[in-house]
Structure formats: C-alpha cells, structure tokens
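Step one of this worksheet: look at the structure below.
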Amino acid sequence: MELKPKDLSKINFKFFRNVILIFDRIFFGMILVLAMSLLVATFLPKRLYEISSEILNNFKIGIGSVVRYNLDIISANSINIKSASLALIFTVILIIIVIYFITHNLKLIFDTLAEKNPFAEKNSKRIAYIGIFLIVLSALENLPETVMLTILNKQINLNDIEIIYSMDDGLILSGILVIILATVFGYGTFLQNEYDSTL
C-alpha cells in the first residue's frame with residue numbers, strides 16, 4: 001500500500017514527539033543522577049568498598065545466563081572494588097549520554113514533522129548524527145563490564161580468564177545505514193528546496 005502525501009497529515013507526529021520527549025527527559029535525569037552518584041562515590045572512603053574472602057568464596061561470575069564460576073579459588077583476604085565501581089558508573093554515564101543524544105535528535109526531527117516541515121535543512125544532519133551515535137554506542141555497549149572485570153581481575157588474579165572486548169556489529173551496520181539514509185535525505189532536501197525556489 002502506497003503512503004500518499006495527504007496520508008502523512010493524518011499521522012499524529014506530536015504524539016510521537018511527546019513520547020520521545022519523555023524518554024529524552026528520562027535519560028537526561030539518569031545522567032544527572034549517575035553523575036551525582038559518581039561524585040559521591042569518589043569521595044567515599046575505600047574501606048566501604050572492601051569485600052572479604054568469605055563473601056568472595058560464595059561469589060559467582062557468569063557468562064550470560066548459561067555458565068557460572070565459583071570464585072572459591074581466591075587466596076586474597078579481601079579485594080577493594082572502589083576503582084571498578086567508579087569505572088562502571090563512568091562508562092554507564094557515557095552510554096546514557098550517547099542514547100540521550102540519539103533521542104534528542106529524534107525529538108528535533110519529530111518537531112519538524114509536527115510543524116509539517118520534514119525537509120528542514122538540519123534534518124539530514126540530525127539523521128547523520130544518529131548514525132554516528134549508533135556507531136559510538138556499538139563501541140561503548142560492552143565497555144562497562146569489560147573495564148570492571150579487567151580491574152577486578154588484576155586484584156583477583158584469575159589467570160585462566162581471558163577478557164575479550166568486542167563491538168556490536170549490528171549497531172555498526174545500523175549506524176552506517178542511517179548515515180547513508182541521511183545522505184539520501186540530504187539530497188532529497190536539496191531537490192525539494194530547488195523545486196520550492198522555482199515556484
């Protein structure tokens with residue numbers, strides 16, 4: 001079924017814009033809360049982050065939801081997880097910042113759609129930014145657990161565990177496709193503006 005231009009006017013873009021605006025505000029709020037948490041956690045004494053060997057020997061480390069390892073081979077009396085906790089919070093903040101920029105650009109695009117101006121010149125750039133942020137997100141997605149486990153492994157010294165960092169291929173491909181779409185959309189915007197100028 002072909003979607004005709006007059007059918008586009010029936011789509012309630014304001015509703016979608018408001019939904020995206022809610023997510024936009026939620027992610028912004030999460031950034032503020034996590035930033036405050038990071039600030040507070042930085043100044044807390046290191047002794048609060050000590051984990052005793054008794055707790056460690058009952059602790060399990062897993063791969064997804066399938067494999068679990070008991071850490072009963074740890075010889076250390078305790079480990080300190082402050083640096084791992086701070087690194088975890090920091091990397092999660094980075095991820096949420098990127099997601100916030102994606103939702104914010106989506107909101108700006110839907111603003112122009114709600115104003116019945118889909119070929120606004122900035123929309124192609126906004127779409128391209130979303131593609132770039134998706135590629136950045138692919139690099140950050142596995143970063144929190146990779147950084148945290150790397151820091152903890154230095155204290156636990158589990159020589160048989162290899163920590164492998166990888167990017168999300170799906171997000172990379174999605175980002176590239178969105179950037180290509182932005183290029184096509186930018187050319188469409190140019191043609192539309194040329195057409196409007198001749199009227």
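The values are calculated or read from the model by the stated rules, or taken from the named source; none is laboratory data. No experiment lies behind these values; they were computed from the predicted model shown. Neighbour counts are summed over all protein chains in view; Cβ atoms, including those assigned to glycine, are modelled from backbone coordinates with ideal geometry.
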- Note on the structure: If we ask which residues in the range 105-145 are of a type outside the set (Ser, Thr, Tyr) and within 24 Å of residue 86 (Cα to Cα), their number turns out to be 10
- Task: State all residues of the range 146-170 that are in a helix (DSSP H, G or I) and either of a type in the set (Val, Ile, Thr) or at pLDDT 85 or above (or both); if no residue qualifies, say none.
- Result: 146, 147, 150, 151, 156, 169, 170
- Item | Top-ranked residue of the range 123-169 - restricted to ones that are touching a Ser or Thr at 6+ places or on another chain (Cβ under 8 Å) and hydroxyl-bearing (Ser, Thr, Tyr), ranked as farthest from residue 195 (Cα to Cα) | 165
- Residue count for the range 163-199, restricted to those that are over 32 Å from the mean Cα position of the chain (by Cα), surrounded by fewer than 11 Cβ atoms within 10 Å (Cβ to Cβ) and of a type outside the set (A, V, I, L, M): 5
- Message: Anything in the range 152-162 that is surrounded by fewer than 18 Cβ atoms within 10 Å (Cβ to Cβ) and in contact with a helix residue (DSSP H, G or I) (Cβ under 8 Å, 6 or more places away or on another chain)? List them, or say none.
- Response: 161
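So that you can scan it fast, the table gives a plain yes or no per residue for (1) more than 20 Å from the chain's Cα centre (by Cα); (2) at pLDDT 85 or above:
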{"site": "61", "(1), (2)": "yes, no"}
{"site": "75", "(1), (2)": "yes, no"}
{"site": "81", "(1), (2)": "yes, no"}
{"site": "84", "(1), (2)": "no, yes"}
{"site": "99", "(1), (2)": "no, yes"}
{"site": "103", "(1), (2)": "no, yes"}
{"site": "108", "(1), (2)": "no, yes"}
{"site": "111", "(1), (2)": "yes, yes"}
- Message: Just the residues that are modelled with pLDDT of 90 or more, more than 15 Å from the chain's Cα centre (by Cα) and aromatic (Phe, Trp, Tyr), please, taken from the range 23-53.
- Response: 43
- Hey, does the range 102-122 have a residue that's touching a Ser or Thr at 6+ places or on another chain (Cβ under 9 Å), among the basic types (Lys, Arg) and assigned to a helix (DSSP H, G or I)? yes
- Name every residue in the range 109-125 that is surrounded by fewer than 19 Cβ atoms within 10 Å (Cβ to Cβ) and either within 19 Å of residue 16 (Cβ to Cβ) or aliphatic (A, V, I, L, M) (or both), in order of residue number. 111, 112, 113, 114, 115, 116, 117, 118, 119, 120, 122
